[in-house]
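Data block below; observations after.
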Amino acid sequence: MRHIASCLIAPILVIVALVCFAGCVDAGEPWLLRIEQGEGFAETKDGIVFVGNEPFVMMRSLAAGFRGNLTWIEPTKESVFTTDRVVAVFKAGQKSAHINGQSVELSAPPDLSTGRMAISINDLGLIGLKANVDSDAKVIEVSYQRSSVTSASWSVEDGRVAIIVEADYGFEYSDFVLIQPDRVVVDIHDSVLSPSFEECAVSCGAVERVRAAMNRPGVVRVVVDLNAPLGYSISLEPGPPAQLVIRFNIRISEMLVDPGISIPRLIVKGDGPISCTAPARDEDGFWHTNITGATIAGSLTNITGEIGAVDWVKASQLDVGTARIELGLKEGYSPILRPPGSDRSELVFDIALTVSEIKIYDEQGCTVTRIATSGPVEFKSFRLPDPERVGVDLPGVWAGGCGSLSVGSTGVQQVRFAQYTADIGRVVLDLSPQAARWAHSVQVSADKTEVTIRVGNSPIYGRTVMLDPGHGGSDPGTVHGDLFEKDINLDIALRTKDLLLEAGAIVVMTREDDSAIPPADRPVMANEMKPDVFLSIHCNSVLNVFPCGTETYYYNMVPYSQELATQVHSCLLKEIMLVDRKVRRKDYYVLRVTNVPAVLVEVGYLSNEEENGKLRQPEFRQKAAQGLINGLAAYLDSDIFAKWREEAKSK
């Protein structure tokens, strides 16, 4: 028996006859106490005592009659009355008592004049009893209070059928299940069935109807007929009126896997709104989710065959109110719970790889975005203009909802990630406006679980530059005193190389030491490497006259080489502040034979005493290297270079 509630709050309303006989009662004549015993009564001759004209009932007689217990506590003059329904503490001479842990006020203090504790029949209702007084027969009958079961109704609460059984007072109940046919039975104890009670037809889901009858004296049996086994929960509000609510589970009736395009989808169907816990993984690597208020239908079939990333799916009843769905998935895959539909009668899980990490950091000349996934992915990269963006699609990957990471580097403003379609995650890098022509690269790891996107922080990043320090080895170039042109050319080239590498360029040099490279080999090296630009670095010299300044030459691939020469020349002059000897076209072999945009720079005149002194200074040569870098950057960020790149790709 489940003791949910007892209604001890309604005092006995003693019949008017009690008041009438109070004035004429003969306390010397014995009164008979009758205590309910099953279908009959047990009689006690010394169970009634009168205090004034008011009848009191002996507590020990009540304890014996209702199979309870009475304990006397001498130091405090208290009696403790216990049955299977109540624990009550009465103190002689005090109107306050404690019943089931709560303090209550009595109509009269308990009496101890006979040496035994007695309470007024007006207070019997506080311990769940009622009294009927027959003054003519001098009999008082005491029995349990009985609640009248008056009605049954039903409703649908959040998709679950709820049966509401109502009675005038609180009651105790027990419940159990019967099969063949399926029924839920609730026995309401110490109750009677009201003549107004009517059978209630339901026919909703597995619930067919509600009926009730007197099962035995004092017990009303409520039966809910079902057309299939169904779990339930019960709650009781003691009232008055008291309401017992039986909430039936929804039924999980179907599971299926849709293979999908890139992401398989598990669909769990019920006959009402489904709510579940977030998917979790156990120590064996299997996934599960618990569905509250649900019963697995007997017809539900587990999925045992492999479907894409799904190895198996099974359903089980965790307890009477909780169903569990378990999944065996391929390594790296997770069940992603999709937002519910309008009727919420389906659970939909995308079986997908996930983005496990996004890292953003700086490398030489670029911003790096590294995306790691929980399994192998066929990454697909793209670039979009207006506004400038670099994107990577991740087929079969759940991107974890919308989100963004602020970057704020020279080339990248932020990284956004979201679900582009149902089966494609997408990561987008929003580039700075000035980065429209800057290079980027996408690299996928060998196991296809990582993609690394590098976006340049300047136009130089990712571009290939061939530096050609003029002369070398046995060919010193022009010599003035102890200053050899080949050494000045190499030093400026090496300084330029360092700046290019810092900016993330790919640098190739025709020589990196004092070695002799035949002039005919230099354009051959350029044509084999196919760099974006070819830059030959020299110093000038004349005899008998004293010119000075910087000059830059181009010849082939007009207008590309001409634009390269113009930009390099202009930026170099801004740094080293020598005389402008202009940009010129001249048929140098190294320029004519080279098949990429190519220029030759004469930084200054060794034959000029002032410029000779400057070229000897490391600080001056560093400025020259910076000027060359600035010119290369300006050219690589130009429309004409972008046009050449497109032409080169088409070839």
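The values are calculated or read from the model by the stated rules, or taken from the named source; none is laboratory data. In this text, all values refer to a predicted model and were calculated from it rather than measured experimentally. All Cβ positions, even for glycine, are placed from backbone atoms using ideal geometry, and neighbour counts span all protein chains on display.
Assess whether residue 470 counts as being touching a strand residue (DSSP E or B) at 6+ places or on another chain (Cβ under 8 Å), more than 21 Å from residue 642 (Cβ to Cβ) and at pLDDT 95 or above. I'd like the intermediate steps shown before the answer.
Values: touching a strand residue (DSSP E or B) at 6+ places or on another chain (Cβ under 8 Å): yes; more than 21 Å from residue 642 (Cβ to Cβ): yes; at pLDDT 95 or above: yes.
Yes: the conditions hold for residue 470.
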Would you check which residues across the range 330-357 are touching a residue at least 60 places away in the same chain (Cβ under 8 Å) and of a type in the set (A, V, I, L, M, F, W, C) and list them?
336, 337, 347, 348, 349, 351, 352, 355
Residue satisfying all of: in the range 235-252; closer than 19 Å to residue 208 by Cβ and touching an Asp or Glu at 6+ places or on another chain (Cβ under 6 Å); surrounded by the most Cβ atoms within 10 Å (Cβ to Cβ) among these
250
Filtered residues of the range 74-115 (kept if out of contact with any helix residue (DSSP H, G or I) (no Cβ under 6 Å at 6 or more places or on another chain), among the small types (Gly, Ala, Ser) and closer than 13 Å to residue 126 by Cα)
96, 97, 101, 103, 108
Within the range 45-67, residues of a type outside the set (Asp, Glu), in contact with a helix residue (DSSP H, G or I) (Cβ under 8 Å, 6 or more places away or on another chain) and farther than 13 Å from residue 117 by Cβ come out as 53, 55
Restricting attention to the range 379-431, and to residues there that are among the β-branched types (Val, Ile, Thr) and over 15 Å from residue 355 (Cβ atoms), which single residue is farthest from the chain's Cα centre (by Cα)?
410
Restricting to the range 66-110, what's the tally of residues that are more than 30 Å from residue 40 (Cα to Cα) and under 57 Å from the mean Cα position of the chain (by Cα)?
8
Quick check on the range 392-409. Is at least one of its residues under 30 Å from residue 465 (Cα atoms) and in a strand (DSSP E or B)?
yes
Would you point out the residue of the range 154-202, among those that are part of a loop (DSSP other than H, G, I, E, B) and under 39 Å from the mean Cα position of the chain (by Cα), that is surrounded by the most Cβ atoms within 10 Å (Cβ to Cβ)?
159
Residues being of a type outside the set (D, E, K, R), at negative phi and over 39 Å from the mean Cα position of the chain (by Cα) - total across the range 203-236
11
If you go through the range 118-153 one residue at a time, how many are in a strand (DSSP E or B) and either among the acidic types (Asp, Glu) or modelled with pLDDT of 90 or more (or both)?
17
Which residue out of 271, 311 is over 25 Å from residue 205 (Cβ atoms) and either touching a Gly at 6+ places or on another chain (Cβ under 6 Å) or not assigned by TED's automatic domain parsing to the domain that holds residue 375 (or both)?
311
Counted residues, the range 37-68 - those being polar (S, T, N, Q), surrounded by fewer than 17 Cβ atoms within 10 Å (Cβ to Cβ) and farther than 22 Å from residue 146 by Cα:
1
Within the range 606-651, the count of residues that are over 27 Å from residue 491 (Cβ atoms), polar (S, T, N, Q) and either in the same structural domain as residue 536 (by TED's automatic domain parsing) or crowded, with 21+ Cβ neighbours inside 10 Å (or both) comes to 1
Any chance residue 551 is at pLDDT below 95, among the acidic types (Asp, Glu) and at negative phi:
no
Name the helices (runs of 4 or more DSSP H) wholly inside the range 476-576 in which the number of residues that are over 56 Å from the mean Cα position of the chain (by Cα), under 21 Å from residue 604 (Cβ atoms) and in contact (Cβ under 8 Å) with a residue 60 or more places away in the chain is 2 or more.
485-502, 560-576
Could you list all residues from the range 459-481 that are among the hydrophobic types (A, V, I, L, M, F, W, C) and buried (at least 20 other Cβ atoms within 10 Å of the Cβ)?
460, 465, 466, 467
Would you check which residues across the range 77-100 are among the basic types (Lys, Arg) and assigned to a loop (DSSP other than H, G, I, E, B) and list them?
77, 85, 95
Would you check if residue 367 is surrounded by 17 or more Cβ atoms within 10 Å (Cβ to Cβ) and modelled with pLDDT under 95?
no
Looking at the range 85-103, which of the residues that are in contact (Cβ under 8 Å) with a residue 60 or more places away in the chain and either out of contact with any Asp or Glu (no Cβ under 8 Å at 6 or more places or on another chain) or surrounded by fewer than 16 Cβ atoms within 10 Å (Cβ to Cβ) (or both) is nearest to residue 173 (Cα to Cα)?
86
